[in-house]
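Okay, so here's the structure we're looking at.
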């Protein structure tokens, strides 16, 4: 059981290390203006997060089957050397999770800023393209004289 738990923690720590690396890569792609590459990487990131969740659930299931509600309860029954080994790995895992969370927040902020910038740029272009005068040519190329007052019916009586 010790090896199963240790290997599970090791896989989780390597997975979160990879997640941090992938999030840093996503940040560089966002900064580089490569939305297609970001979309492809985002799918890989989501799959990695799913796998990490499954691994965490597996660890909890193994502990529950052995009658331990948490890893801390299991470690309390182990020698100090075993505890130190597990605690070192667990602390590294927590550090990697926090680094991933920080990088994810930075990426989300950058993505939102780029989205807002694109929206403002589109709004600016639309306002510059739209005709200033209300009397303009129609799509058919004929002159369209719009009245400045609202009216429901137009024509002769």
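Just a few scattered comments:
- Qualifying residue in region 47-56 (condition: surrounded by 12 or more Cβ atoms within 10 Å (Cβ to Cβ), in a helix (DSSP H, G or I) and more than 19 Å from the chain's Cα centre (by Cα)): yes
- Only one entry of 70, 147, 151, 123 meets the criterion of being modelled with pLDDT under 90, more than 24 Å from the chain's Cα centre (by Cα), closer than 27 Å to residue 39 by Cα and surrounded by fewer than 12 Cβ atoms within 10 Å (Cβ to Cβ), and that entry is 123.
- Checking each residue of region 94-104 against the condition of being loosely packed, with under 13 Cβ neighbours inside 10 Å, at pLDDT 70 or above and either in contact with a strand residue (DSSP E or B) (Cβ under 9 Å, 6 or more places away or on another chain) or farther than 30 Å from residue 5 by Cβ (or both) gives no match.
- Checking region 6-20 against the condition returns a match, with at least one residue being surrounded by fewer than 13 Cβ atoms within 10 Å (Cβ to Cβ) and over 21 Å from residue 102 (Cα atoms).
Results for (1) within 29 Å of the chain's Cα centre (by Cα); (2) assigned to a helix (DSSP H, G or I); (3) more than 30 Å from residue 117 (Cβ to Cβ), shown as yes or no for each residue.
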residue: 12; (1), (2), (3): yes, yes, yes
residue: 17; (1), (2), (3): yes, yes, yes
residue: 20; (1), (2), (3): yes, yes, no
residue: 31; (1), (2), (3): yes, yes, no
residue: 38; (1), (2), (3): yes, yes, no
residue: 59; (1), (2), (3): yes, yes, yes
residue: 62; (1), (2), (3): no, yes, yes
residue: 83; (1), (2), (3): no, yes, yes
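The values are calculated or read from the model by the stated rules, or taken from the named source; none is laboratory data. None of these values were measured; they are calculated from a predicted model. With ideal geometry, Cβ positions are generated from the backbone for all residues, glycine too; neighbour counts draw on all protein chains shown.
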